[in-house]
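Worksheet: the structure to be examined is printed underneath.
The values are calculated or read from the model by the stated rules, or taken from the named source; none is laboratory data. This is a predicted model, so every value here is computed, not measured. Note that each Cβ is placed from the backbone with ideal geometry, even for glycine, and that neighbours are counted across all protein chains shown.
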Amino acid sequence: MRISRQKVCFLTISALLVLFSSCSSPTAPPASRTGSIRVTSTPTGARVFLDGTDKGLNTDCTLTSISAGSHALKLTMTGYADFLTTVSVTASQTATVNATLTQAPGALAVTPAGGLTSAGAVGGPFNPSSQDYTLQNTGGVALDWTAAAAETWVTITPPSGNLGAGATATVTVSINAEAGAFASGLYNATVNLTNTTNGSGNTTRPVSLTISALGILNVTPAGGLVSSGNVGGPFSPASQDYLLENMGGAPIAWTAVSAQTWISVSLPSGNLAAGASTTVTVSINSVVANALAAGTYNGTVTFVNTTSGFGNTIRPLSLTVTAPGGLAVTPAGGLASTGNVGGPFAPASQIYTLQNTGGVPIDWTAAVTQTWVTVSPAFGNLGAGASTTVTASIDSVVANALAAGTYNDTLTFTNTTNGIGSTTRPVTLTVTVPSNPIMVTIDYERVLPIPNPNGANFPYVAWYIDPTHLGTRALTKVTEDIFTTPLIPLVTERVIRVWVMDTKMDNGTSSKVCRTIKVNGQLLDVGLTIYGEASFIIGNDGIVRMQ
């Protein structure tokens with residue numbers, strides 16, 4: 001593709017116009033009228049300022065696009081004296097500055113700038129009683145310093161020291177006990193802080209003490225009231241006495257107030273002559289406090305000198321309300337035990353868990369009234385949140401001798417500390433008589449196996465449990481169970497009678513003999529013949545005997 005000469009010229013001129021436009025900023029002189037400055041220092045890392053402007057660079061570095069002419073160059077570095085020089089910049093050339101920095105002499109800087117201004121009544125105390133000052137060596141060489149005042153009622157700690165380059169120290173200027181003997185008036189002093197090495201940074205701080213004849217409120221003791229007790233009270237200690245004294249030389253009015261309704265103040269206000277005193281009692285207001293839920297409550301009593309404000313102070317109060325010890329017993333059910341006369345009885349025991357659900361210890365007891373029940377242990381103590389177990393048991397020695405029947409008792413758990421959670425559990429013992437079924441089995445054989453002309457080839461059996469006839473039926477098998485009774489309480493002996501008979505014997509004989517009778521698995525050899533009768537006894541011990 002061919003491009004005409006006119007188009008090439010147009011593009012060239014356009015590019016030059018754009019380039020000229022981008023270089024026309026007043027902050028960037030044309031390259032033909034600028035040069036550079038190469039700046040190095042020993043040691044390196046100094047901050048570079050040109051014509052008073054921080055260039056944002058540290059040595060060693062090169063400053064570019066610097067307009068031709070003279071420029072003020074400054075290098076700064078902590079601990080070193082500032083390096084100042086004038087640099088002549090030639091267009092399109094680089095000027096070189098090689099600076100050797102010298103350590104700055106130690107210089108003392110003291111903060112804060114203000115003095116100590118204290119005030120109080122004759123005899124003190126004075127407030128504030130002291131002022132801390134920070135001394136710093138802002139130079140690059142160590143220095144020695146002193147701090148002193150001509151007035152003896154001013155104490156300075158420490159009075160002297162040494163500060164390495166950049167190091168700091170704290171000096172405390174205080175009003176000492178000597179001022180307590182001063183009469184009312186204004187007292188001034190000066191603290192001299194001196195750099196004894198080279199004098200750089202020497203300074204002073206004023207001290208002013210105003211001793212007033214105005215009344216000063218003083219409240220003792222300094223501590224607050226810390227009270228505690230269970231929900232509903234009482235709380236101990238219930239009160240705290242405070243002594244209010246006027247330590248100044250003029251009468252004052254005072255108030256004592258609390259924002260908390262569970263705090264009572266015996267005297268909410270009053271007046272005190274110079275040197276006079278009175279007692280204010282701060283108490284737990286039981287009417288309000290007794291209704292508080294468990295928890296920690298905090299409050300304050302504010303004592304105010306309404307005349308001059310001197311001696312205003314606050315005393316803290318803390319009330320800890322603790323949940324009382326409460327007895328909880330699980331499970332909720334009682335002990336229900338059963339068994340035959342003579343035992344054993346099941347279940348033989350029941351374990352109960354006793355827990356203190358409150359915040360303070362409790363004592364407890366567990367008791368029954370009947371001798372056939374035992375409780376172990378019968379008493380104890382439970383700390384806050386603690387638990388233990390109590391076992392209620394059937395006393396087999398006593399219970400085994402009981403006759404048949406139902407026996408009842410009550411297990412009583414008692415919180416003997418405050419009664420909370422006291423409860424009972426029922427105890428029931430059912431004593432029954434033993435019960436067994438009676439089963440009778442007939443085993444017989446034919447003696448003369450001649451068919452009966454009347455068609456009956458088997459005997460009949462009738463049985464009784466005296467005096468009741470229980471049934472009659474034919475025996476169709478050589479060995480056959482003839483009856484089984486339901487469960488029969490064997491309280492007394494039972495007489496069982498079994499009759500074996502043949503049928504229709506008027507025409508021929510078909511004799512049979514009953515060899516054995518089996519009663520509850522016990523074989524009785526009775527040898528019954530036709531129309532024979534066997535009687536036996538089932539005793540209350542379950543043993544079968546022939547009658």
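Descriptive notes on the structure:
- Filter result for the condition that a residue is touching a residue at least 40 places away in the same chain (Cβ under 8 Å), touching a His at 6+ places or on another chain (Cβ under 9 Å) and of a type outside the set (Lys, Arg), over Val122, Val87: Val87
- Subset tally (residues that are aliphatic (A, V, I, L, M) and under 22 Å from Gly124 (Cβ atoms)) for the range 154-182: 7
- Tally, over the range 215-230, of residues that are crowded, with 17+ Cβ neighbours inside 10 Å, out of contact with any Phe, Trp or Tyr (no Cβ under 6 Å at 6 or more places or on another chain) and of a type in the set (A, V, I, L, M): 1
- Qualifying residues in the range 185-199 (those that are hydroxyl-bearing (Ser, Thr, Tyr) and surrounded by 14 or more Cβ atoms within 10 Å (Cβ to Cβ)) - the one farthest from Gly114 (Cα to Cα): Thr197
- So Pro316, is it free of Cβ contacts under 8 Å to residues at least 40 places away in the same chain and either touching a Phe, Trp or Tyr at 6+ places or on another chain (Cβ under 9 Å) or surrounded by fewer than 19 Cβ atoms within 10 Å (Cβ to Cβ) (or both): no
- Among (1) loosely packed, with under 14 Cβ neighbours inside 10 Å; (2) in a strand (DSSP E or B) - the single one Ala403 does not satisfy: (2)
- Identity of the residue in the range 333-374, within 20 Å of Thr410 (Cβ to Cβ) and free of Cβ contacts under 8 Å to residues at least 40 places away in the same chain, that ends up farthest from the chain's Cα centre (by Cα): Thr371
- Among the residues of the range 295-335, those that are part of a loop (DSSP other than H, G, I, E, B) and of a type outside the set (Ser, Thr, Tyr) comprise Gly309, Phe310, Gly311, Asn312, Ala323, Pro324, Gly325, Gly326, Pro331, Ala332, Gly333, Gly334.
- Selection within the range 121-148 - at negative phi and small (Gly, Ala, Ser): Ala121, Ser129, Ser130, Gly139, Gly140, Ala142, Ala147, Ala148
Matching residues to (1) modelled with pLDDT under 90; (2) surrounded by fewer than 19 Cβ atoms within 10 Å (Cβ to Cβ); (3) small (Gly, Ala, Ser):
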residue	(1), (2), (3)
Ala68	no, yes, yes
Leu75	no, no, no
Thr85	no, yes, no
Ser92	no, yes, yes
Thr117	no, yes, no
Pro128	no, yes, no
Ala147	no, no, yes
Ser160	no, yes, yes
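- The range 376-397 - residue that is surrounded by 14 or more Cβ atoms within 10 Å (Cβ to Cβ) and not in a strand (DSSP E or B) and, of those, modelled with the lowest pLDDT: Ala384
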